[in-house]
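Have a look at the structure below before the remarks.
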Amino acid sequence: MQLSTKHLLGIKDLSAEDISLILATASQFKEVLQRPVKKVPSLRDITIVNLFYENSTRTRISFELAEKRLSADSINFSASASSVSKGETLLDTVNNILSMKVDMVVMRHSASGAPHFLAKHIPAAIVNAGDGINEHPTQALLDAFSIQEKIGSLEGKKVLLIGDIMHSRVALSNIYLLKKMGAEVMVAGPPTLIPTYIKEALQVKVEYNLKKALQWCDVANVLRIQLERQNQVLFSSLREYNLAYGVSKKLLDGLQKEIVIMHPGPINRGVEIDSDVADSSQSIILQQVENGVAVRMAVLYLLAGKKAE
């Protein structure tokens, strides 16, 4: 089986079959990562450039590790330490890199649509590692993989996204993926952080009362407040936010059931989630980080179009 697309620009472009194939392939790579020798020669003749125009720790390390585990040659590019800071355009930068015979570009950019722009202009396969407030497809895939691993098939599961939905590319990719795989989706948070169109356009439930939302769900994915993307004050203070929408042990203990807690990171402890929740047995946050490498290995492997070796 092969993916129906040459690039991974967003979950929006993937079919349910593509998603299932990526998750099944990730499962095989996760087994590889449990072995004493965690390396396979699958992409040893492939060169991948990691093109990060925005700061990143987990996503970047995860992709770098995935590339090393697949035996690919990888080049790391940081915009702040490059000719970009001297005014070089995105297309010039990439054409220079491509002239070095690169097969794939993993790209993070603050402008929504930047990876799509590149995909139209250059022959290499593009993987979107986050573009503005648009999408973050590999995060949604690793979240889905982590849910499947914990509670089985996504179909019919009730998944809640809490927090800054308006500025979150993770939220959008998660909504697209969960809907395609038959899950029910609800978003919860302050009205100022939930787009008005979301209910109709994306067919998701909206709830402003956190306790009611938690009572409804099987899985709660807690999102970070993205202060760096907000150009106006959208809630009174972080303390007020924590009191109204912070996920606390007390709140979870008051539910009549145990739910799974997730967070894409980085965590603002004591704001959107309390430490005793993030570190509890209900949390699969560290499993998400671990699964990120297997999922990104699967994406790179499938896009490279290699036959299993």
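Only the coordinates and a few stated rules stand behind these numbers; no lab work does. As the structure is a prediction and not an experimental result, all values here were calculated from the model. Glycine gets a Cβ as well: all are built from the backbone with ideal geometry, and neighbour counts include every protein chain shown.
The string of couplings for the range 55-68 from the Karplus curve (6.51, -1.76, 1.60, θ = phi - 60°) is 4, 6, 10, 4, 4, 5, 4, 4, 5, 4, 5, 4, 5, 5 Hz, one whole number per residue in order, with x for Gly and Pro.
Cα convex hull of the chain: how many Å³ per residue?
Per-residue hull volume (Cα only) is 135 Å³.
Among rounded, prolate and oblate, which fits the range 1-67 when a ≥ b ≥ c are the square roots of the eigenvalues of its C-alpha gyration tensor, a/c under 1.5 means rounded, and a/b larger than b/c means prolate? It comes out oblate by the Cα gyration axes. Here the range 137-288 is treated as an ellipsoid with the same Cα gyration tensor; its semi-axes, largest first and in whole Å, are 21, 19, 15.
Scaled to the compact-protein estimate 2.2 N^0.38 Å, what is the alpha-carbon radius of gyration of the range 1-158, rounded to two decimal places?
Scaled against compact globular proteins, the figure is 1.08.
Take every Cα pair under 8 Å whose residues are at least 6 apart in sequence, average their separation, divide by the length of the range 1-104, and the relative contact order is 26 percent.
Given the range 89-173 reduced to its alpha-carbon atoms as identical point scatterers, what log10 I(q)/I(0) does the Debye formula return at q = 0.12, 0.16, 0.17 Å⁻¹? Normalising to I(0) and taking log10 leaves -0.47, -0.71, -0.77. Close amide-amide hydrogen proximity is noted between Gly189 and Gly163, Glu207, each under 5 Å apart and 5 or more residues distant or on a separate chain (H modeled in the peptide plane; Pro and chain starts excluded).
Counting only the backbone N, which residues of the range 286-307 are under 15 Å from the spot 7 Å out from the Cα of Val32 toward its beta-carbon? Residues 291-307 fall inside that zone. Computed from backbone phi, the HN-Hα couplings of the range 269-283 come to 5, x, 10, 7, 8, 8, 4, 6, 8, 4, 9, 7, 6, 6, 7 Hz, rounded to whole numbers (Karplus: 6.51 cos²θ - 1.76 cosθ + 1.60, θ = phi - 60°; Gly and Pro given as x). If you average the sequence gap of Cα pairs under 8 Å that are 6 or more apart and divide by the length of the chain, what percent do you get for the contact order? Rounded, it is 21 percent for the chain. So how far, in whole Å, is the C-alpha centre of the range 127-168 from the one of the range 1-74? The two parts, judged by their Cα centres, are 16 Å apart.
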